[in-house]
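In what follows, a single structure is set out as structure tokens and then discussed.
Derivation of every value follows stated rules applied to the coordinates shown; laboratory data play no part. Not measured: the values here are computed from a predicted model. Reconstructed Cβ throughout: ideal geometry from the backbone, glycine too, with neighbour counts over all protein chains shown.
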């Protein structure tokens, strides 16, 4: 029960801020989700937003159930998570968050949110390369090195993989 609470709290504070609160704060004045005139662009944005949320939640589930941890660096999974969406891309949780941000940019036709999303993407990349990957290499050793050789950092590949975690 404590693990569930920690995952919910982290989600509200970190990805919630980055992917929801800040984009809504940046949104142009008068932006409203409930205005009439939803065309193909807004429907696409809504589907992207739901996809981003679904990606994040699936990864959160894998972190909690299989990894026995949270996305928070101070309470990271105890086991290397190389299942679910992690079989296709090493950082699907970040991809889900970025998908949500870019969906807001499309939904509100907001250049400000688009630029914000690009900046967040750059920060995610730097954090992954400079902090997260070295830490995971140290923590999980050869199994993480093998995983990195088989799974791309950002671009998913869909060939059959046999990853042992």
If R0 = 45 Å, then residue 61 and residue 25, at their Cβ-Cβ distance, give a FRET efficiency to the nearest 0.05 of 0.95
With label points set 7 Å from each Cα along the Cα-to-Cβ direction at residue 54 and residue 42, the distance between them in nm comes to 2.2 nm
Helix 92-108: inclination vs the chain longest Cα principal axis, degrees, rounded to 10, gives 10 degrees
Going from the fewest other Cβ atoms within 10 Å to the most, one would list 142, 133 as 142, 133
A correct fewest-to-most ranking of 26, 101, 8 by other Cβ atoms within 10 Å would be 8, 26, 101
So the angle from the long Cα axis of helix 2-13 to the longest Cα principal axis of the chain, reported in degrees to the nearest 10, equals 40 degrees
Once both label points are put 7 Å beyond Cα along the C-beta direction, the residue 119-residue 33 separation in nm becomes 2.4 nm
So, relative contact order of segment 1-134 in percent, Cα under 8 Å, 6 or more apart, is 31 percent
Which of (i) 68, 39, 18; (ii) 54, 29, 25; (iii) 53, 37, 25 is the computed Cα extents along the principal axes in Å? It is (iii)
Between the Cα axis of helix 111-127 and the main Cα principal axis of the chain, the angle (0 to 90°, nearest 10) is 10 degrees
Length gained, residue 4-residue 150, 0.36 nm per residue minus C-alpha separation, equals 49.5 nm
